[in-house]
Amino acid sequence: MTGKSIGIIAGAIVLAGLGVLAWAAIRPGPMAFAGGKRATLAQYPGSPTGVPADLPPMDALARAKYLTQAADCEACHTADGGQPFAGGLAFQTDFGIIYSPNITPDRETGIGTWTDADFLKAVHQGISKDKGWLYPAFPYAAYTYLTDADALAIKAYLFSLPPQKNVPPSTKLRFPYNQRWLMAIWSRLYDPDSRFRPVVDRSPSWNRGAYLVEALGHCGDCHTPRTALQSLDNRHKFAGGLSEGWRAYNLTSDVDSGIGGWSREDLVGYLTTGHSLDRGTAFGPMAQAVHLSFQKLTTADVSAIAEYVRSVPPVPTPDLPAPRLKPAPEDPAQGVAAGSNPRGEALFASMCAGCHTWTGANHFVPHATLTGTRAVNDPTATNVALAVLRGAATLPPSADIAVMPAFGQAWSDDDIAAVSNYVVGRFGARASAITGAQVQQLRDGK
Amino acid sequence: MVTLNINGSDHTIDVETDTPLLWVLRDELALTGTKYGCGLGLCGACTVLLDGRPTRSCVVPVSAVSGQAIVTIEGLSKDKSHPVQRAWIEESVPQCGYCQSGMILATVALLKNKPNPTDHDIDTNVTNICRCGTYNRVRKAIHRAARMQENGETPVGGSSTA
Amino acid sequence: MSDITRRAFVGGAVALTGLTLSLELPAQETARQAAPGVPRPPRTPSAFLQIGEDDRITIITPAVEMGQGGHTSLPMIIMEELGGNWDRLRVVDAPAAAIYNNPLFGLQATVGSFSVRGWYLELRRIGAAARVMLLQAAAQTWKVSPEHCVADGSEVIHDSSGRRCSFGSVARLAASLPIPQNPLLKTVAQYTMIGSSPPRVDVPDKVDGSARYGIDVTLPDMLYAAVKTCPTFGGKLKSLDDSACRSMPAYRATVRLADGVVVVAQSYWQARKALERVKVEYELGPLAGLDSEKVSQQLHAGFAEPGFVARHDGKVEAALAGAAKVLESVYEVPYLAHACMEPMNCTARVTDAGCEIWCGTQNPQAAQAAAATALGIAPARVQVHVQYLGGGFGRRGEADYVTQAVLAAKATQGKPVKLIWSREEDIQHDFYRPAAAIRFRGGLDAAGKLVALEAKIISASAPAIGRPGAPPFFVEAVEDANYRIPNFYVTGLNKDLGVRFGFWRSVNHSHNPFMLEGFIDELARAAGKDPYLFRREMLQHGSEGARRQLAVLDLMAQKANWQHPPAGHAFGISAFEAFGSFIGTIVEVSVKDRFVTIHRVVQAIDCGVAIHPDNISAQLEGGMAFGLTAAVRGEITLRNGAVMQANFNDYPALALSEMPLVESYIVPSTAAPGGVGEPGTGPIAPSLGNAIYAATGQRLRSLPLSRHRLSLKVART
């Protein structure tokens, strides 16, 4: 081969590589699916930002609290059993453990010395006054869409809290991820550092929903799959992701594997009560989101969120079948091939049937119904196993009639696997085969 | 206000709708044969029959059961004559006895659906917890009661839904 | 032995006429009951036995009924000598009174499998005395000699003429006759009732919901209370804010405890809901950093600390030094909860007149004393109404929940309050079976004989009761082993780690045999000997204990066909003396893929005279199930000074499907009765551990099985 042809081939390869990189690196934004013409907020006649119109009259601090709840800062900035907003929650990643910082106004260990500009820089650009570049475990690529006014309202609310002295453990990631300056590149690629721009041809309530979802609720951070570089793959927006080991399921309008079969009422009911009959019950991180965030929003806001989410085009999740809606037989001896899972059956009989019944339908306590739920119609049995391991532990104890307890402490990984497979096999559309080793991984939070 | 049909009679009670049926039975109606053991549907001491189905009353809000026929242990017979009760006495099943109301009702329901239960049927359908370890006698009494019912010995008195 | 004397009859607390009526003891009598060292008052038959003119026999039993048969076995003893008809019998619980102190240890407590043992002779004398008086009364009426009269089936029969009369018809006359001081007692050969299995008196009420437990007590104007207390041991209440529940219409009162809070309301569910709304802050106290790892570390550290000597035969150091083979092993067991099916509860009413309490309790005097202390009044002003216990197992010998109920009742202007613990409170505020560890060293000679055994026992323990000079409980089952070992050295360190502990069914026989019989098994294997024969060898020395333990061992081995386990199965064996009886168990297992399948359990007991054989076999089975649950998955763990388990989701019980087939055998005996309620619990763990070793070569030196990732399966062939 001639030197020239080698050079051409080399150049083509480099160009192709750059093209691939460019394709990989430059991703559509979270609202790209909607198409349409975008306007700036100044140009837009409605007001999709700030607090909703149907919020009862309250003072500025209370309105700021509303926004903070919509953004759900508390969930990530509170350790298990720790003071709210004082940081220390551990995020297990493939690269190490990230601990959330203390965002109470303590001057030594929190953000008490931060100015407005400092706060905006963190929330919009991912740069912390104390730590420098923040890891995208902090969803600043979503919060960047917050208006300055809303972001600073949240700051004002945080500053109204009593300062808590707490130094969370240090975030330690393995090389090269511990090089925070690399996040500058990530930020350049994936944080547009621009404020929310409504889509002109969509309704005001849709745009309000968009703001709530993209700028505040940051749903995509759990429900959208991530690329290898940990950005959100918005080409498959809301097609499902992982959150603390739990599967955050497909929210697209795909009928079989998403929520395409859900009515608006189903979704609104799910967000406001944590449950929708024959659809599912919120568990794990979603239960916390319902409790800390969605339940605090107005009816109109939740409705707007539902409108926006339901407009996301269908993207299937191949391993999720259409849910089985028919309850299982009442007779324990029927519904599962005899002898196929005796251990699971014995455990289900002892520990589960009392609440969940052999049919999977509980008419007295609807949120204990298993029939039709996505978790049970998931042949990986991931969320079923996690629910059995941990129970509804993220909800505060209450005198409510039935809160699912955790079974992980007393039962082995093999037991949890057996009963999870029994549940999925008896009530779901497709059997699962989760193993004890896989349950151990879930148990250890990996 | 909620109206409940218990052991064949209607009772109207002023109670909050989310109160578990268990506590309505015990505290409002003084039907203390149904027991509190765990409050989470795990132990079965609170078992009653709801339209013939064994149901753990500690996890059932009272508002959900008006209009259904509720049978408690008190409703099986007026004089301990239900075949299951007689089998329990003949085999001397109870020790401390606290779990036995639930155990008996679970058995009544089982025998209705499966008049000749196998040991495996008993394993999966009678999952009430007993800390005194009466399980082998429970099993024996279930088989005995099945034979008694097979021989045409029907319950005397009490609710016809049993 | 006490004299049987007549007491002043002052009407009757129970309205009966006829033989010896008085139930009311003079006030001075009841005041003396709690004082230690006070001479036991003479036993009045009337305090135990009443016969009405309606021929009804009322027996006031000093043993409570928690499923162990106390309301049946003690009356049987009286009825045997009395000659009464079982169908006429009514049994009531005794009130708190010194006259009901168990003769063996001086307290009115149904504990330690002591009831039959302690009362056997006394109750026979009472029954016999009453019989003699009835015979005399009938003879007097008929003008015949009492020697020709017999008592049978609640009748007096004149043997030559055949004349009969009912007990009731001569009861009033009999009551006026002198009480014989030394009535003739039957011989064992003459027994017709003892050794039979009459229907248990409590069973019928337990099949139709009419049996009343403490939690079922219902009184006019009664209120209900829910309680929560500091999760850490030794913690205290710092502050509480109940403003959120005061607006609830059913709310009645908040009562502060030293370590928690009680909320009183119109119904239990309302009380619970209100309790949830109370914001509480605790001072967690010095044990807030305690966790299970530290517990284990502290137990193990105890091996290096000095203890006391419980037994010292021979010269163990020299013997070990000269031994052909020396083994050393350390065994350990965790805390366990009782988890009675009926959670703790008590109903109390406090008025100016005094206090009444209704509860299931194994120790009415302790309940009375706790109430008296809480109120600052004399115990005589506290009346205790004992109910059926929905499980005792040692937990209901404590009176913590009585104190709470009484304090709650103080706040309600004389209305009774029923205080009920949630299951979570019950599991997390138990008096746990203590964690324990034993380090063993054993020396075998060249012939494989055990020549030296050393054991150092570390645990928390209560002092011995009623046995002056006896070592504290936690060395029992080791220091009193019947094996003849020429050099046998047992030391113990009583180490209280701050975790609240108490008596769990079979007390130290629940774990010391697991450890000792496990180590004995290790020694047998090291000696290359059959574990059954190895034990046999050490029981040849002819003492009564050794002889009887040997008989149990041999009976089991024969029934199980020890020499020939079925193909693929393995046996494990253990036997020891406990509570005055001799108990043993053989377990037949197979193990595959971390599943231990129990094919069969063979139990044998020598409990001396067997009062009610059917109940004995029920107690053996039930006790075995209690021990099996603990062996398979029983573990109370601590984190941040608090118990991690809360309900049956994380402290699971054995299920009906997991109950193995059990064969129980009673060694025929005329020896004095031994205990029966607890022995069955101890042997299952060591036998199971030994069987698992035989099947797999894996030696378990700690429990539960789940810790070793082993699970249970039951084969029902």
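Throughout, read-outs are computed from the coordinates displayed, never taken from laboratory work. What you see is a predicted model, and the numbers here were worked out from it, not measured in a lab. As a convention, Cβ positions derive from the backbone with ideal geometry for all residues, glycine included, and neighbour counts pool all protein chains shown.
Binning all Cα-Cα separations of chain C at 20 Å, short to long from zero, yields these whole-percent fractions: 17, 46, 31, 6, 0.
Mean residue ellipticity at 222 nm from the helices of the protein assembly as shown, using -39,500 (n - 2.57) per DSSP H segment of n ≥ 4 over the full residue count, to the nearest 500 deg cm²/dmol? Please report the intermediate quantities before stating the final value.
Numbers: 36 runs with 381 residues, N = 1325.
My calculation for the protein assembly as shown gives -8500 deg cm²/dmol from helical runs alone.
Per residue, the Cα convex hull of chain B amounts to 99 Å³. Between C:Ala526 and A:Ile8, the simple label model (points 7 Å from Cα in the Cβ direction) yields a spacing of 8.5 nm.
With neighbour counts taken as other beta-carbon atoms within 10 Å, the residues C:Val201, C:Val64 rank, fewest first, as C:Val201, C:Val64. Here is the P(r) of region A:179-255: all C-alpha pair distances, binned every 10 Å from 0, give 17, 40, 35, 8, 0 in whole percents.
Taking a label point 7 Å from the Cα of C:Ala378 along the Cα→Cβ vector, which residues of region C:85-100 have an amide N closer than 18 Å to it? Once the point is set 7 Å along Cα→Cβ of C:Ala378, C:96-99 turn out to lie under 18 Å by backbone N, inside region C:85-100.
What FRET efficiency, computed as 1/(1 + (r/R0)^6) with R0 = 56 Å and r the Cβ-Cβ distance, is obtained for A:Leu21 and A:Lys296, rounded to the nearest 0.05?
Values: r = 42 Å, r/R0 = 0.75.
The pair A:Leu21/A:Lys296 has a calculated efficiency of 0.85.
Once the C-beta distance of A:Asp278 and A:Val255 is scaled by a Förster radius of 22 Å, the resulting FRET efficiency is 0.95 to the nearest 0.05. Across every pair of non-identical alpha carbons in region A:342-443, the mean reciprocal distance, once inverted, gives a Kirkwood radius of 13.5 Å. Each part gets one Cα centre, and for region C:649-717 versus region A:206-251 those centres are 53 Å apart. Rg then Dmax, both in Å and based on the Cα atoms of region A:204-309: 13.0, 38. Over region B:2-73, the ratio between the Cα radius of gyration and 2.2 N^0.38 Å evaluates to 0.95.
The mean count of C-beta atoms from other chains within 10 Å of the C-beta of residues in C:195-208, rounded to a whole number, is 6.
How long is the gain from C:Gln563 to C:Glu317 if the chain were fully straight, where each residue apart is worth 0.36 nm and the alpha carbon distance is subtracted? All intermediate terms of the calculation are to be shown ahead of the outcome.
Details: separation 246, 0.36 × 246 = 88.56 nm, distance 3.55 nm.
My answer for the length gained is 85.0 nm.
Size of chain A from its Cα atoms: along the principal axes, largest to smallest, the extents are 76, 66, 47 Å. Inter-label distance, C:Leu177 to A:Phe175: 10.3 nm, where each label sits 7 Å from its Cα along the C-beta direction. Residues whose amide H falls under 5 Å from that of C:Tyr335, counting only those 5 or more places apart or on a different chain, are C:Ala435, C:Ile636, with hydrogens built in the peptide plane. Taking other residues whose beta carbon is less than 11 angstrom from the beta carbon of C:Met76, and scoring Lys, Arg as +1 and Asp, Glu as -1, yields 0.
Modelled spin-label separation between C:Arg536 and C:Ala462, with each label point placed 7 Å from Cα along the Cα-to-Cβ direction: 4.0 nm. Put a plus charge on the Cβ of each Lys and Arg, a minus charge on the Cβ of each Asp and Glu, and nothing anywhere else: the dipole of chain C about its Cα centre is then about 460 debye. Where in region A:160-198 does the amide nitrogen come within less than 13 Å of the point 7 Å from the Cα of A:Thr147, taken along Cα to Cβ? Of the residues in region A:160-198, A:195-198 have backbone N under 13 Å from the label point off A:Thr147. Across the protein assembly as shown, Cα-Cα pairs more than 48 Å apart make up 42 percent of the total.
Distance between the C-alpha centres of region A:326-397 and region C:165-202: 59 Å, rounded to the whole angstrom. You can think of it this way: the chain between C:Arg164 and C:Glu293 has 39.3 nm of extra reach, that is 0.36 nm per residue less the Cα-Cα gap. Taking a straight Cα-Cα cut-off under 17 Å and skipping sequence neighbours fewer than 8 places away in the same chain, the lysines within cross-link reach of C:Lys449 are C:Lys315, C:Lys325, C:Lys529.
Would you tally the net charge around C:Ser196, using a Cβ to Cβ cut-off of less than 11 Å, leaving C:Ser196 out, and scoring K and R as +1, D and E as -1? Mind showing how you got there, number by number?
Numbers: positive: none; negative: C:Glu80, C:Asp614.
Result for the neighbourhood of C:Ser196: -2.
R0 = 51 Å: FRET efficiency of A:Asp331 with A:Ala32, Cβ-based, nearest 0.05? E between A:Asp331 and A:Ala32, to the nearest 0.05, is 0.50.
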